[in-house]
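In what follows, a structure is listed as structure tokens, so that the remarks can point back to it.
Each value in this text was obtained by applying a stated rule to the coordinates, not by laboratory testing. Being a predicted model, the structure only gives us computed values, none of them experimental. Note: ideal-geometry Cβ built from the backbone for every residue, glycine included; neighbour counts use all protein chains shown.
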Amino acid sequence: MPDPDPFWWRDAQPARPRKVEGGIQIHSTRGQVARTWWSKRFISVLEQLGVGGRLSRGRSYARAGQIVSLDVDVGGAVAQVQGSRPQPYRVRLGVPAFGKAEWAAVAQALADDASYAAALLNGEMPRDIERVFETVGLSLFPATERDLAMDCSCPDFAVPCKHLAAVCYVLAERFDADPFQILALRGRQRDELLEELRVRRSAAAPTQGADLAGVMDRFWTAAALPEQLAGPRTPPDALLDQVPPFPIEVRGHPVSELLRPAYRALGAAE
């Protein structure tokens, strides 16, 4: 009788990944993962570079929490992803980091427009920030395949493998929550960039402040009033003609008429 489970069939069966307690997972349970425009842009860049069609292989890994660790730092993201083997696979997604001079040009372009710093401080990526990078000859997101390195210690020859793809999904969701992690990949951490923007904007302030300082001694000085105000003179008892009649009289005389001599006397005294 033939073996109901021959060795060649056992080897062909896909091995299930080992479950991870407390693994990193995406919150999206179905449909699209990326929510913000910048994380969607990250996914679309991968698709344009020809690797997006294989990203779906890692969606179940990302949702199941198979990622043991993930660190985003200058030049790339490094992760450990648990597969079917006892030892987690080492995964790396790298992008070239910009140099000091390149980031100085970017920071100056961002500092020239206060709206960019305001959006970043609010935890948002400005819509046209890619244009800012382009004006100084740079690209925020990977522009070609040479700008994106993908490595995994698993035996799968496909790039990206499901372990790399899972990391891409988790990165996209992290970018949703913190757009500064995209900038960190290119070489600038959040606090470092915001401090540089503050310094550059403060350096531009004295030029405007010097003009104000020159007039501070007379800024609150009122102009001289004319000696005599022009205009028709209003009779001093005119107010009595505007008020409603009093409901009572004094000895048969309206109250307004009794007050009129006093108003006229006050006007004559002035």
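Structure above, values below:
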{"read-out": "Under 19 Å from the Cα of residue 19 - lysines, other chains or at least 8 residues apart", "value": "162"}
{"read-out": "Rounded to the nearest 20 debye, dipole of the range 141-207 from Cβ charges on Lys, Arg, Asp, Glu", "value": "280"}
{"read-out": "Residue 35/residue 199 FRET efficiency (R0 45 Å; Cβ-Cβ; nearest 0.05)", "value": "0.85"}
{"read-out": "Bins of 5 Å, starting at 0 and running to the largest distance - Cα pair percent for the range 161-201", "value": "6, 22, 20, 19, 14, 8, 6, 4, 1"}
{"read-out": "Fully extended contour minus Cα-Cα distance, from residue 149 to residue 56, at 0.36 nm per residue", "value": "31.6 nm"}
{"read-out": "Residue 27 paired with residue 121, simple spin-label distance in nm, labels 7 Å along Cα-to-beta-carbon", "value": "2.6"}
{"read-out": "Cα-projected label distance for residue 260 with residue 16, points at 7 Å along beta-carbon direction, nm", "value": "10.6"}
{"read-out": "Mean projected area in nm² (Cα convex hull; one quarter of hull surface) for the range 15-202", "value": "10.7"}
